[in-house]
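Here's the structure, in structure tokens; my notes come after.
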Amino acid sequence: MTSAEIKQGLTEEFSGIKYILTSGMRSRLLLAIYESPKNLEELRAELKKPSATILHGLKELENINLVRKVQKSYELTSNGFLLTVNMIKLIDNWYSISKSKIFWNNHDLSGIPDELLKDIYLLKDAEYIHSTTSDLSNAFNTYINLLSTSEELKIIMPIYSENHLKHLIKLLNRKRLVKLELLVSEEIYDSIKENDLFNKKIIQNKKVQIKCVKEELKIFLTYCDEFVSLSLFFKDGHYDDSQILIAKDENALKWAISIDKIYKQKEEKYVKLQTGSSNYNEHLEH
Amino acid sequence: MYIHNDIDDDMKFLAKSEIRLKILNELYKKPNDVRGLVKQTDITYSSVSSNVIKLEKNNHIKKVKNTYYVNPMTEVYLKTLMDFKNSVQMVNEYESFWDKHDLNQLSINSIRRITDLKDSELIETTPIDIYKTHNTIKNQISFSNCVKGVFPYLHPDYPGLIEEVLENEGSVELIVSKSIFKELMLRINNKIRKNAIKEHKLKVYRFKKDLNLYLTICDESMSLGLFKTDGSFDQNRILISDNPKSYDWAKDLFEHVKNEVRA
């Protein structure tokens, strides 16, 4: 292929997104009309642009069947509606990432399944908490405080941390926490089991259900009805306990449940299940 | 809704250049140096080199010992951008299916996940096979053990098909419009219907509002039909798929419509 042909191929491949996303006027018109059909005057007032500019943009969108004029109002066509919903998803995804830039840019994201990276907009109301030189445990303490408010906890735990496990034991000893579901790797499971205290107070605790996956986990996700928290590993493989995302809204909970669902599907091949000391079973599922 | 300036700038910077997108896609698959990128993409050295510099300057890639890596945040930008590209393709590829059709009964979430329908097949009737869409659905249902459906109209074949599934020990869960509920129930063999309801193998929900959507979910396949914006059902087009993602998409949509019944 000649370089002109290659360029032409690339232009065709990306023409759809380029046309919409590189024109501020076209994308703003779609967003404005998505909210409700509007006439020229309303669009002029909202976008603060002259009629000629707006009419030019509308004509372009009409030509590609994204907008249509019904009497004096402009509305989205079916195609325009589909595309705008997905453009809003894209904008929200980018907003969600740029809001916590440092968090996303500093970490290994391989623990987050692709499907869920595409739905990161669900975390757009999450708050980025980080430790500082004057408060090295800020992220950890915030997390521990949140844990104490929950009745049922689900945790994907990629690390063996005595600090975390001791706090979980404290919570299990109280009446408030009635159920703890832990998803860990085999290696972490074995480490927990080797420790007498953790074996007795966590593995053999009737309130606790532990599930294992063979693979190494790269995501620390905790969720319950009250909050979702997420922390990750650095690219060099070390766990980062100084930065955490915390969200308390329904969308974030949806995101966490979807991640958990994907990980639990992985657990199908090899499961170590326990439901309390008297009913311990370890089995292979094929 | 408005777009934040920094997002707007980043979006324009990446979407404006197909070459930059291509380079990022390649680097995401495999970190590389400029020469390696030239080899991978067949784009000229000068073009790759100048765009790599721009990408690095804008913090989208990072150079470590002569090799360029995509920054994690840009990885997500890229994935979501490609997801948007796929949704645009979905709209364009099946334009006749969406265009001038009523999408109000699709949930916002199902529209956000429209790319899950990526490998679907658009079945259209032809002058020599005007029952192609109906026969496709009929085949899907006949060979299924578990059928879920949203039926906005009653085809004379449906009662028989439902009986067939139930007689083979299968289960049927339907959401039907109010206007056809009674007629459908009456047309299913009395004994089969009563037994199936008793054994919880037949569940039929009555949709109180207008039902502007057709959906079937069979054992391993789904089909979707839409109403035109003039209010008539488009019998000439259905989207079918046996891809697991499309299947899950259809199941979620079914649950969404079921929740509307309860609302």
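The values are calculated or read from the model by the stated rules, or taken from the named source; none is laboratory data. The model shown is predicted, which means the values in this text are computed figures rather than measured ones. Cβ coordinates were reconstructed from backbone atoms using ideal geometry, including for glycine residues, and neighbour counts include every protein chain displayed. Ligands, DNA and RNA are excluded from the accessible area calculation, which covers all protein heavy atoms including side chains. Shrake-Rupley method; radii C 1.70, N 1.55, O 1.52, S 1.80 Å.
Look through segment A:225-241, keep the residues that are outside any strand (DSSP E or B) and closer than 16 Å to A:SER148 by Cβ, and return whichever of them is least open to solvent (accessible area, probe 1.4 Å).
Residues of segment A:225-241 that are outside any strand (DSSP E or B), as a first pass: A:225-227, A:235-238, A:240-241.
Applying the additional criterion that residues be closer than 16 Å to A:SER148 by Cβ yields A:225-227.
Details: A:ASP225: 133, A:GLU226: 80, A:PHE227: 4 Å².
Once the filter is applied, the top-ranked residue is A:PHE227.
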Original post:
Restricting to segment A:45-62, what's the tally of residues that are open to solvent by 10 Å² or more (accessible area, probe 1.4 Å) and within 14 Å of chain B (Cβ to nearest Cβ)?
Top reply: 5
Original post:
Which of the residues belonging to segment B:112-124 are among the hydroxyl-bearing types (Ser, Thr, Tyr) and part of a helix (DSSP H, G or I)?
Top reply: B:THR115
**OP:** For residues that are outside any strand (DSSP E or B), touching a residue at least 12 places away in the same chain (Cβ under 8 Å) and more than 10 Å from chain A (Cβ to nearest Cβ), tally how many sit in segment B:49-77.
**Re:** 9
Original post:
From the list B:SER120, B:SER110, which residue is closer than 30 Å to A:ILE112 by Cα, at pLDDT 90 or above, touching a strand residue (DSSP E or B) at 6+ places or on another chain (Cβ under 7 Å) and not acidic (Asp, Glu)?
Top reply: B:SER120
Subject >> Output for segment A:69-89, where each listed residue is more than 9 Å from chain B (Cβ to nearest Cβ) and out of contact with any Leu (no Cβ under 8 Å at 6 or more places or on another chain) >> reply: A:VAL70, A:GLN71, A:SER73, A:GLU75
Subject >> Filter result (open to solvent by 10 Å² or more (accessible area, probe 1.4 Å) and within 7 Å of chain B (Cβ to nearest Cβ)) within segment A:90-107 >> reply: A:TYR95, A:SER98, A:LYS101, A:ASN105
**OP:** Kindly list the number of the only condition in (1) open to solvent by 10 Å² or more (accessible area, probe 1.4 Å); (2) aliphatic (A, V, I, L, M); (3) out of contact with any strand residue (DSSP E or B) (no Cβ under 6 Å at 6 or more places or on another chain) that fails for B:VAL48.
**Re:** (1)
Original post:
Just one of A:ILE169, A:ILE129, A:ILE192, A:ILE144 is in contact with a strand residue (DSSP E or B) (Cβ under 9 Å, 6 or more places away or on another chain) and free of Cβ contacts under 8 Å to residues at least 60 places away in the same chain; which is it?
Top reply: A:ILE192
Subject >> All strands (runs of 3 or more DSSP E) inside segment B:125-230 with 1 or more residues being open to solvent by 80 Å² or more (accessible area, probe 1.4 Å) and either free of Cβ contacts under 8 Å to residues at least 12 places away in the same chain or closer than 26 Å to B:SER241 by Cα (or both) >> reply: B:202-207
Original post:
Do the conditions hold for A:GLU60, that is, is it modelled with pLDDT of 95 or more and out of contact with any Ser or Thr (no Cβ under 7 Å at 6 or more places or on another chain)?
Top reply: no
Original post:
When segment B:90-116 is examined, which residues are found to be touching a residue at least 24 places away in the same chain (Cβ under 8 Å) and facing another protein chain (nearest Cβ under 7 Å)?
Top reply: B:TRP98, B:LYS100, B:HIS101, B:LEU103, B:ILE114
Original post:
Hey, any hits in segment B:241-260 for a residue that's touching a residue at least 24 places away in the same chain (Cβ under 8 Å), in a loop (DSSP other than H, G, I, E, B) and in the same structural domain as B:GLY149 (by TED's automatic domain parsing)?
Top reply: yes
